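In what follows, a structure is listed as structure tokens, so that the remarks can point back to it.
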Amino acid sequence: MTIQAKLLFDLIGPRSLARFDARCEHPLQEQEQLLRRLLHENVDTEFGRRHRFDRIDSFPDFQKQVPVIDYEDIEPLIDAARHGEPHQLTREPPIFYALTSGTTGARKYIPVTETSRRAKARLMRVWLSGLFRDHPGILNGGVLQIASPEVEEYAPDGTPCGAEAGHAYRNMPKLMKGLYPVPYEVCEIRDYEARYYALLRLAIVHSITAIGTPNPSTILLLARCMGDYTERLVRDVRDGTLDPDVNIPSEIRDLLESTIVPDPERAAFLEGAASGGDGRLVPRHVWPELEVLACWKGGTVGPYLDQLGPCFPDGLPIRDLGWLSSECRGSVPLGDEGGRGPLAVATNIYEFLPADQDPEPPPAELLTVDQVEEGGQYYVYVSTSGGLFRYAMHDILEVTGFHRQTPSVRFVQKGKGIVSFTGEKLTETQVLEAVEETLGTGRGEYSFVAAVGQPTEPSYLFLIEFETPPDRSEATRIVNELEQSLTRHNVEYAAKRGSGRLGPPVLRVLEPGQFDAYQREALREGAPDGQFKIMRLTDDAAFADHFDRVVGDYRAA
């Protein structure tokens, strides 16, 4: 930790927290002020003219004039901006496009302006200030952050597109870089195995006091890689080398090797650490000084959190990163308990729909921050300085209480029809498209299909009932083609499969008549006959237990 960085946080930390708390005292007032500013700044844009921003004087006017939108509704405007046409969603030009997967599987290009970038950076300072306040020992070591490359492609007008976490990592203030022993360039190693090896090789010689990445499955993967690479890591630390067999581009390798020196003393320590882990390196032995992990704690990640225990020091605190995405940073957890955090009411505008109501189509008048209730669960819609207005996030949040007068929320799950264990955001549409592509060419008539997420060892189980079950060879071909189709339809699924965070899918061929029996039983238990529906995608692993007559299971290669 650099002295300058410590002085910086001693100076700005309390101030950042105090400003955030003050804004939480009057949430509706902050929302109204932000709304007026966003409308004024973007009145002379294509979107602003279409929806008559110049005639909006209040929240009710805003809800009447501007419809709730999905990405597909504004995709033509984003595409025009990417081709260099100015003033589409914002007067301020996008400086970056955050890439993520949309509900239809196609890539989304979320515009980031300088204002929205700074707004997220301010909230990150608040989050870090709370973290360092509660865990000051972090400043005595280094922070290990795992991020994806900043730039994956360029828009037609030359604007970079990629991972926002990588963008933030690469552009962090110089005073902060002393906290991070792994340079950004490691994020640009495309080969997943090589990236993780390089990250561990550089970090393992340092005292690491915090590890941060959104999904805890990534932290587990890092721990497993550490064990798998034990002998190579110890050898490289002793010799001052970076394994020549690791697939690292030459320019990045040259940079990394210029920072590496032989360290026989650390190698001896690592050998002793490995002996405490049955010959494998484990983070708890390599970095006993760890103060905290930072990752998501809400939604479907619980099984990963349960698996962290054997890898890390007993009782190690975990701080939730908050409800955040490429579209917005929505909440700022200020403690380690649970995954809750107050909404950033001065940064984004929030509207809510009770989760027990059908979000399709959403009503024009949604609830505002002063109308939600503790214990309530809600679909959330955001308006941001990046150019999203009344944007459907397809997330469900629970109000867990209030910080000052501002709702504190925790992420519950993606909206209906979306499952995400490692960030893949798989949808019912993608599942059905993959099945149709695979089986729609005479491969076999099927009467029922559902994909069931398996959270403990993250993967997807496809339950399919064929009129005539395929033999083993054909079933294996089918599940491999399902896998290929999913990777085409969902870039995040492809990435998580490539990194090993998601396992291969399994096809479970059901005996004929299984779905009919399930439906009959459901009707006997009171399900409405004419409205009987079944999800084609679910994260309830127990759902598969309803279908107990199985021809066979077949795993993708």
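Dipole size of the stretch 287-436 about its Cα centre, with +1 on Lys/Arg Cβ and -1 on Asp/Glu Cβ: approximately 340 debye, rounded to the nearest 20.
Antiparallel beta bridges, as assigned by DSSP with both residues in the stretch 418-555, represent about 70 percent of the total such bridges. Percent of Cα-Cα pairs more than 48 Å apart in the chain, please. Roughly 14 percent, once rounded to a whole number. Computed extension length for Tyr154-Glu75: 26.8 nm, one decimal, from 0.36 nm per residue of separation with the Cα-Cα distance subtracted.
Counting Lys and Arg as +1 and Asp and Glu as -1 over every other residue whose Cβ lies under 15 Å from the Cβ of Ala119, the net charge comes to +3.
Rounded to the nearest 20 debye, the dipole magnitude of the stretch 19-73 is 180 debye, with +1 charges on Lys and Arg beta carbons, -1 on Asp and Glu beta carbons, and the Cα centre as origin. With R₀ set to 45 Å, the beta-carbon distance separating Arg477 from His83 gives a calculated FRET efficiency near 0.65. In sequence order, the stretch 501-512 has phi-based couplings of 6, 10, x, x, x, 10, 9, 9, 7, 8, 5, x Hz under the Karplus curve 6.51 cos²θ - 1.76 cosθ + 1.60, θ = phi - 60°, and Gly or Pro positions carry x. Mean separation of Cα pairs under 8 Å and 6 or more residues apart, divided by the residue count, gives the stretch 418-555 a relative contact order of 34 percent. Here the stretch 276-320 is treated as a sphere whose radius is the Kirkwood value from Cα pairs; by Stokes-Einstein at 25 °C and 0.890 mPa s it diffuses with a coefficient of 215 µm²/s. If I take R0 = 35 Å and measure r between the Cβ atoms of Thr456 and Arg36 in this structure, what FRET efficiency does the formula 1/(1 + (r/R0)^6) give, to the nearest 0.05? Calculated transfer efficiency: 0.10. Here the simple spin-label model places points 7 Å from the Cα toward Cβ, and for Asp540 and Arg266 these points are separated by 5.0 nm. Farthest toward the dipole's positive end in the chain, which of Trp323, Thr113, Ser275, given Cβ charges of +1 (Lys, Arg) and -1 (Asp, Glu) about the Cα centre? Positive-most Cα among the choices belongs to Thr113.
Ranking Ile248, Ala294, Leu220 by how far each Cα lies toward the positive end of the dipole of the stretch 136-316 (charges on Cβ) leaves Ala294 at the top. Near Gln454, once Lys and Arg are set to +1 and Asp and Glu to -1 for all other residues with Cβ below 15 Å from its Cβ, the sum equals -3. Helical content alone sets the calculated 222 nm signal of the chain at -11000 deg cm²/dmol, taking -39,500 (n - 2.57) per DSSP H segment of four or more residues and averaging over every residue. Placing unit charges on the Cβ atoms only, positive for Lys and Arg and negative for Asp and Glu, gives the chain a dipole magnitude near 1560 debye about its Cα centre.
Net charge around Val182, counting only other residues with Cβ within less than 13 Å of its Cβ (Lys, Arg = +1; Asp, Glu = -1)?
+2
Across the stretch 279-329, the mean sequence separation of Cα contacts (distance under 8 Å, 6 or more residues apart), normalised by length, yields a relative contact order of 46 percent.
In percent, rounded to a whole number, the relative contact order of the chain is 14, using alpha-carbon pairs under 8 Å and six or more apart.
Just check the stretch 400-460 against the gyration tensor rule for me: Cα atoms, a ≥ b ≥ c as the square roots of the eigenvalues, rounded for a/c under 1.5, and otherwise prolate or oblate depending on whether a/b exceeds b/c.
Since a/c reaches 1.5 and a/b is larger than b/c, the shape of the stretch 400-460 is classed as prolate.
In this structure, Asp228 and Arg190 have a Cβ-Cβ separation that, at R0 = 22 Å, corresponds to a calculated FRET efficiency of about 0.65.
Taking the convex hull of the alpha carbon positions in the stretch 277-377 and averaging its projected area over all directions gives 9.2 nm².
By the gyration tensor of its Cα atoms, with a ≥ b ≥ c the square roots of the eigenvalues, what is the shape of the stretch 136-316: rounded for a/c under 1.5, prolate for a/b over b/c, or oblate? Verdict is oblate for the stretch 136-316. Take the Cα of Met172, step 7 Å toward its Cβ, do the same at Thr259, and the gap between the two points is 1.1 nm. Semi-axes of the equivalent ellipsoid of the stretch 418-555 are 24, 18, 13 Å, computed as sqrt(5λ) over the eigenvalues of the C-alpha gyration tensor in descending order.
Here, each number is a calculation from the coordinates, and none is a lab measurement. Quick caveat: nothing in here was measured; it's all calculated off a predicted structure. All Cβ positions, even for glycine, are placed from backbone atoms using ideal geometry, and neighbour counts span all protein chains on display.
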